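Asker: Supplied in structure tokens, the structure appears directly below.
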Amino acid sequence: MQATSSDVEEGELPSSAVLDALEDSDEDAAPVRKPKKPKRSMGYVDVYGADAQAAVQLRPEAGPISLDDAQQLILWCLAEHVNPRWCFVRNKPLVRQLLLVLVHGLDSERPPPAFTEAFGTPIELRARKAVMEPGMTAHSLLTHPPPGGPSPPPAVPPPEHYRLSLDDLLEHGYPLPQLDGDTNEMVLAPGYASTKALAPEPAHRVVALDCEMCLTTAGSELTRVVLLDEQGAPLLDELVQPPNPILDYVTRFSGITPAMLEGARFCELVDANTLLVTHSGENDLHALKTVHANVVDTALLYPSDRPGAKRPLRVLAYRFLHRIIQRETHDPVEDAKAALDLAQLKFRRGPAFGLPPPAAERRLKLADTLAEAGCPGSLKQYIGAVGSAINAESDGEVVRRLLKEAGRGDAKGAAGGDEAEASALHATAQPSLATRPRFIFGQLRDVHAAQEAETAAARDGGGDGVADALCALATRPTRSSAELAAEAELVQRVLSMHQAAAAGTLVMVVCGQGNMALCGALFREQAARRAAAGAPAWSPEHDHALEMAALRARTGFCWATVKTGAAEYKALEPERPVRDLAWKGGDGYCGWATALHLSARGYQVCIVDNLARRTYDLQLGLDTLTPIVSIHDRVKKWQEISGCHIDLRVGDLCDFEFFADAFKTFNPEAVVHFGEQRSAPYSMIDRQHAVYTQHNNVIGTINLMYAIKEFNPDCHLVKLGTMGEYGTPNIDIGK
């Protein structure tokens, strides 16, 4: 579409109603005032038409999107949050209800054709990880970060910031000097020594320690000491002969055997200024009978949620390093390396890493946000006491209860393969919109369950060939009959919910991830083979299969459509295609009125303006006959009155970096260019103002044309203004 002056007809512009709504109704402003004309109603019927209906248009080229991006569509439609960039919702206030269905296990290389036929072309969705459990995917979709944008990256203090305080050392039982009551001096416990400052700078700034014990007649005594330097290279790996007879080598825990204890010795390598990295190191230092106050304890760097409890090193290694340790015995070298890597990870990521987020930063529940916006929902787990519950043990029960929750009456028979009966319920009496929940959520997991069973069978029956069996599943050209049957049933269930949805319902189908069960099994097998000595090799072919499986598991799709029907809407027949329009110079009276006109017609509009006109008027000592409020207030009021959002970006068209970023982000199909400074009287002030006017008008237009050329050559340009034309006029331009 090319917007020309003939498109803007008198009487069609809704700007008068907006200005009336923004005007200050002070009757004393003028002694004589003509009676106001009756305000034109800006209700939805006037703006959209009696036969108007909602519609959603996805932009597949904007993908891949994330789960947070998919959630933006929900918040935009129901809670007036930020308009998502990857789709356009036409006549958004006419969305009566939103049904969100989360499905697990669909193959990104073979999306169901029935979904595309029913819901249109999907947009690609990319998950953060390939091994998230279904519950974690649902949690990401049903919670959102607090408003205000992401927090700035935290400051990264030096490693010394993390050493234990004196109170920490006392509380957790580290060996420390004690006050002698007779001499009033700090003394060491009998048999204990203290590390000394051997040089102005320690030979090793950071050292990791781990010790192993044996059970002797005197109790638990030291038998092996391991020290690693900052790069993880061994400084010391010594076996120590306990002074007392050994009763139990604790081989099942430490790996110590009698043959390993011959010729053991211990060397002191730790300076008093060395940061000693340990995990619950109070036991190790007591075993060494050594006092050292410069300690970093990973058990306290990554605290447990339970008061007084400490998370085991193997748990922290798996959680933060994705590493399996202590599979059969405790290897002190492996343990010391894990503690060192955990500490260095904390040093790099900052103090907040690995801690539960504070209340102010925790993700908010989506259903709570919708409830605050006046949208009743059906999420007991995520909404507390503000909704009804849908607890189901099978996908069939999910469908039945979703239909019932949506106000479809008795949906008995929707479980199993009887969804067709439930789909016929669309002809039953409908409840009022006031009592019908506006947001309904359900997730279908039967395909994932079939994949879990298939993966478990391959893992249990593979023996030494588990990796080969799992990789064969990942690279096979066809899927099993059980998985195909589960997917076919899932497709029918989703289609039945779409068929039964009320007209005006925005139906979203989100496939967050693919075969997570297989991907998780491959990752665990890879870690086990690389950690265990003598295990079968993990080959490059295995790596390739894992990479392909992970990519497919991370990739999903999002479908979205608005249900139409004769009961509440006519068939969807838009007058003209929905397009993105960018406005340069939208703060002026021509640009603003035109932007309102096309926004009301269903176009998505972005205004780019540097607001310089107001500065020019101040310099000239001029003002408009009628006060004009700021563009920010007018955009906000327009959304309140019409429900249509206009994107506003304040910046200078002569700044190509700014405009290129705005152009690429919005990616308009047409640009209407009003952004030229009028020549008189501003350019007549002096030579400097005349040069500025020419620079603004010419360079701005050149930047605009280069942006179109470089980023979207198919974009239409409608230039309304003649202040930027210099040179020979009426030049013939050949085809």
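The values are calculated or read from the model by the stated rules, or taken from the named source; none is laboratory data. Just so you know, these numbers come straight off a predicted model, no measurement behind them. Quick reminder, even Gly has a Cβ in these numbers, built from the backbone with ideal geometry, and neighbours come from all protein chains shown.
Asker: Please list, ordered by first then second residue, the pairs with beta carbon atoms under 7 Å, 6 or more apart or interchain, first in region 630-657 and more than 17 Å from Gln604 (Cβ to Cβ) and assigned by TED's automatic domain parsing to the domain that holds Arg613, second charged (D, E, K, R) and outside any helix (DSSP H, G or I).
Answerer: Close Cβ pairs (under 7 Å, with a partner that is charged (D, E, K, R) and outside any helix (DSSP H, G or I)) amount to Ile631/Asp587; Ile631/Asp609; Val650/Asp609; Leu653/Lys584.
Asker: Any residue in region 77-90 that is in contact with a Pro (Cβ under 7 Å, 6 or more places away or on another chain), of a type in the set (A, V, I, L, M, F, W, C), at pLDDT 90 or above and crowded, with 19+ Cβ neighbours inside 10 Å?
Answerer: Taking every residue of region 77-90 in turn, none turns out to be in contact with a Pro (Cβ under 7 Å, 6 or more places away or on another chain), of a type in the set (A, V, I, L, M, F, W, C), at pLDDT 90 or above and crowded, with 19+ Cβ neighbours inside 10 Å.
Asker: Which of the residues that make up region 107-123 are assigned to a helix (DSSP H, G or I) and acidic (Asp, Glu)?
Answerer: Selection gives Glu117 alone.
Asker: Can you tell me how many residues in region 282-338 are surrounded by fewer than 18 Cβ atoms within 10 Å (Cβ to Cβ) and hydroxyl-bearing (Ser, Thr, Tyr)?
Answerer: Qualifying residue count for the region: 3.
Asker: Which one is surrounded by the most Cβ atoms within 10 Å (Cβ to Cβ), of the residues in region 107-148 that are of a type in the set (A, V, I, L, M, F, W, C) and at pLDDT 85 or above?
Answerer: The extreme case among them is Leu125.
Asker: Follow-up question, since we're still on this one. Quick check: anything in region 513-531 out of contact with any Pro (no Cβ under 9 Å at 6 or more places or on another chain), surrounded by fewer than 17 Cβ atoms within 10 Å (Cβ to Cβ) and over 21 Å from Glu452 (Cβ atoms)?
Answerer: The answer is yes, given that some residue of region 513-531 is out of contact with any Pro (no Cβ under 9 Å at 6 or more places or on another chain), surrounded by fewer than 17 Cβ atoms within 10 Å (Cβ to Cβ) and over 21 Å from Glu452 (Cβ atoms).
Asker: Could you give me the residue pairs with C-beta distances under 7 Å whose first residue belongs to region 326-339 and is over 12 Å from Thr278 (Cα atoms), whose second residue is part of a helix (DSSP H, G or I) and hydroxyl-bearing (Ser, Thr, Tyr) wherever it lies, and which are 6+ apart or on separate chains?
Answerer: As it stands, the answer is Thr329/Ser254; His330/Ser254, since those pairs meet every condition given.
Asker: A follow-up question, please. Those residues that are over 15 Å from the mean Cα position of the chain (by Cα) and assigned to a loop (DSSP other than H, G, I, E, B), I need them from region 66-96; list them, please. Even if it seems obvious, please write down each step before you answer.
Answerer: Taking region 66-96 as the starting set, the residues that turn out to be over 15 Å from the mean Cα position of the chain (by Cα) are 76-81, 83, 87-96.
Matches in region 66-96: Glu80, His81, Asn83, Asn91, Val95, Arg96.
Asker: Moving to a separate point now. Find all pairs meeting these conditions: Cβ atoms under 7 angstrom apart; at least six residues apart or on different chains; first residue within region 481-495 and more than 16 Å from Leu102 (Cβ to Cβ); second residue β-branched (Val, Ile, Thr) and crowded, with 20+ Cβ neighbours inside 10 Å.
Answerer: From region 481-495, the pairs are Glu483/Val447.
Asker: I've got another one for you. Quick check on my filter: what residues within region 438-480 are closer than 18 Å to Leu106 by Cβ and without any contact (Cβ under 8 Å) to a residue 12 or more places away in the chain?
Answerer: The answer is Arg476, Pro477, Thr478.
Asker: Residues that are within 17 Å of Leu342 (Cα to Cα) and within 31 Å of the chain's Cα centre (by Cα): which helices (runs of 4 or more DSSP H) entirely in region 264-328 hold 3 or more of them? Give the steps one after another, and end with the answer.
Answerer: Values: elements: 282-288, 298-301, 313-321.
Correct list: 298-301, 313-321.
Asker: Report, by residue number, each residue of region 298-322 that is in contact with an Asp or Glu (Cβ under 8 Å, 6 or more places away or on another chain) and in contact (Cβ under 8 Å) with a residue 40 or more places away in the chain.
Answerer: Answer for region 298-322, where residues must be in contact with an Asp or Glu (Cβ under 8 Å, 6 or more places away or on another chain) and in contact (Cβ under 8 Å) with a residue 40 or more places away in the chain: just Leu300.
Asker: If you go through region 167-179 one residue at a time, do you hit one that is at pLDDT below 80 and either within 53 Å of the chain's Cα centre (by Cα) or over 20 Å from Ala336 (Cα atoms) (or both)?
Answerer: No, every residue in region 167-179 fails to be at pLDDT below 80 and either within 53 Å of the chain's Cα centre (by Cα) or over 20 Å from Ala336 (Cα atoms) (or both).
Asker: Only one of Thr555, Thr564 is more than 28 Å from the chain's Cα centre (by Cα), under 30 Å from Ala114 (Cβ atoms) and at pLDDT 80 or above. Can you tell me which?
Answerer: Testing whether each residue is more than 28 Å from the chain's Cα centre (by Cα), under 30 Å from Ala114 (Cβ atoms) and at pLDDT 80 or above leaves just Thr564.
Asker: Shifting gears a bit: Would you be able to say whether some residue in region 235-252 is at pLDDT 75 or above and in a loop (DSSP other than H, G, I, E, B)? Spell out how you get there, then give the answer.
Answerer: First, pick out the residues of region 235-252 that are at pLDDT 75 or above: 235-238.
Now narrow it down to the ones that are in a loop (DSSP other than H, G, I, E, B): none.
No.
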